[in-house]
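Okay, so here's the structure we're looking at.
The values are calculated or read from the model by the stated rules, or taken from the named source; none is laboratory data. These numbers were taken from a predicted model, which means no experiment stands behind them. With ideal geometry, Cβ positions are generated from the backbone for all residues, glycine too; neighbour counts draw on all protein chains shown. For accessibility, only protein heavy atoms count, side chains too; no ligands or nucleic acids. Shrake-Rupley method; radii C 1.70, N 1.55, O 1.52, S 1.80 Å.
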Amino acid sequence: MAKVTINEELCKGCELCIRACPKKILVLSDTKLNSKGYHPCEITDMSACIACAACARTCPDVVIEIEK
Amino acid sequence: MTKVFQKTKLLTDEVMHYCPGCTHGIVHRLVAEAIDELGVQGKTVGVVPVGCAVFAYKYFNIDTQEAAHGRAPAVATGIKRVHPDNVVFTYQGDGDLASIGTAEIVQAAHRGEKITAIFVNNAIYGMTGGQMAPTTLVGQKTTTSPYGRDKDHCGSPIRMSEMLATIEGSAYIERVALNNNANIMKAKRAIKKAFETQIAKKGFSMIEVLSTCPTNWGKSPVEAMEWLEENMIPYYPLGVKKEV
């Protein structure tokens with residue numbers, strides 16, 4: 001079981017993590033906005049995450065932390 | 001639970017000023033992780049450029065020195081010669097390294113300075129508003145080449161890695177890209193190897209990182225990555241250009 005922690009406040013909504021995710025379980029939030037005005041990314045199905053960290057490695061702002 | 005990935009302590013908590021999707025943040029992380037893994041945090045000095053990375057000194061938990069535009073290799077030369085046991089690197093964009101600072105980088109390599117240059121090539125001037133750089137591809141539209149770069153008028157894009165690889169003083173030159181997970185990991189290994197080359201006192205090392213500039217390319221970050229794959233990598237082939 002993987003655990004992904006996203007620092008939503010620092011996310012700039014660039015979608016590079018969404019492109020990198022092999023399981024396609026990342027999306028930009030429809031409901032949240034951070035104080036910079038971006039829709040942060042969020043996980044749709046945590047149980048499908050394989051903790052490969054591809055999202056974290058491609059994130060330019062290093063806002064993703066992964067535990068397994 | 002064990003941590004699979006967390007932010008390295010060599011990056012500060014400062015919020016990066018870069019545009020959404022700008023790959024400078026990835027390069028910063030790779031450089032910071034390489035320094036951390038080599039255990040040389042206490043004796044590493046970075047020299048940061050003029051360009052979008054002008055504030056890079058705020059993001060690294062190491063000593064840094066700001067240099068005038070293009071002069072980072074000259075400043076790094078001074079630091080390295082006074083402190084030969086320090087690890088000294090420059091962090092430069094293509095407007096900095098391949099244009100105004102061409103003389104400095106060529107002569108630093110020529111002298112075989114034991115420094116490492118991290119060369120972020122995004123084929124455009126970023127900070128100043130998207131003007132044509134020496135690395136801009138033929139046909140690429142910028143604010144100063146609105147109909148695309150004209151080869152007859154402006155020449156062809158310069159391949160700095162291949163050029164510096166011909167110089168006797170260079171010891172390790174590699175070109176990497178950040179377009180997918182595998183290439184990001186290769187980029188990390190290359191940067192680490194460049195630092196190891198310097199620590200082994202073999203000579204000058206440079207890693208050219210093919211990067212994106214979504215804002216000035218007029219593309220989304222994801223479109224910019226696709227454009228890099230389809231246009232930049234064919235013209236700027238990846239791989240080790242020199243290793244001694």
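With only the Cα atoms considered, the range B:143-204 has a convex hull volume of 123 Å³ per residue.
Can you compute the FRET efficiency between residue B:200 and residue B:65 using 1/(1 + (r/R0)^6), with r the Cβ-Cβ distance and R0 = 25 Å? Round to the nearest 0.05.
It comes out at approximately 0.60.
Burial annotation for the range B:22-43: residues with an accessible-area loss of at least 10 Å² between the isolated chain and the complete set of protein chains, computed on heavy atoms with a 1.4 Å probe, are B:22, B:25, B:26, B:29. Counting Lys and Arg as +1 and Asp and Glu as -1 over every other residue whose Cβ lies under 12 Å from the Cβ of residue B:41, the net charge comes to -2. Charge tally around residue A:52: other residues with Cβ under 15 Å, Lys/Arg +1 each, Asp/Glu -1 each, net +4. Note on the range B:24-243: Cα convex hull, mean projected area over all directions, 10.8 nm². Summing Lys and Arg as +1 and Asp and Glu as -1 over all other residues whose Cβ lies under 10 Å from the Cβ of residue A:34 gives a net charge of +1. Label-to-label distance, residue A:67 versus residue B:144, with points set 7 angstrom from Cα along the beta-carbon direction: 5.1 nm. Using θ = phi - 60° in the Karplus curve 6.51 cos²θ - 1.76 cosθ + 1.60, the 3J(HN,Hα) couplings for the range B:6-22 round to 9, 5, 5, 6, 7, 9, 7, 8, 4, 6, 5, 7, 5, 4, x, x, 5 Hz; x is entered for Gly and Pro. Note on residue B:180 and residue B:111: the extension gain reaches 21.3 nm, defined as 0.36 nm multiplied by sequence separation minus the Cα-Cα distance.
Considering only DSSP beta bridges with both partners in chain B, what is the antiparallel share in %, to the nearest 5? Counting DSSP beta bridges with both partners in chain B, the antiparallel share is about 20 percent.
Past the 32 Å Cα-Cα mark, which pairs from A:23/B:114; A:3/A:36; B:3/B:201; B:80/B:219; B:141/B:201?
Listed pairs above 32 Å: A:23/B:114; B:3/B:201; B:80/B:219; B:141/B:201.
When chains B and A come together, the accessible area they lose, probed at 1.4 Å and totalled over both chains, is close to 2300 Å². Placing pseudo-labels 7 Å out from each Cα toward the beta carbon at residue B:17 and residue B:81 gives an inter-label distance of 3.2 nm. Among B:147, B:18, B:91, the residue with the largest mean-square fluctuation in a Gaussian network model of chain B, with springs joining Cα atoms closer than 10 Å, is B:147. When nucleic acids and ligands are ignored and a 1.4 Å probe is applied, residue A:28 ends up with an accessible area of around 50 Å².
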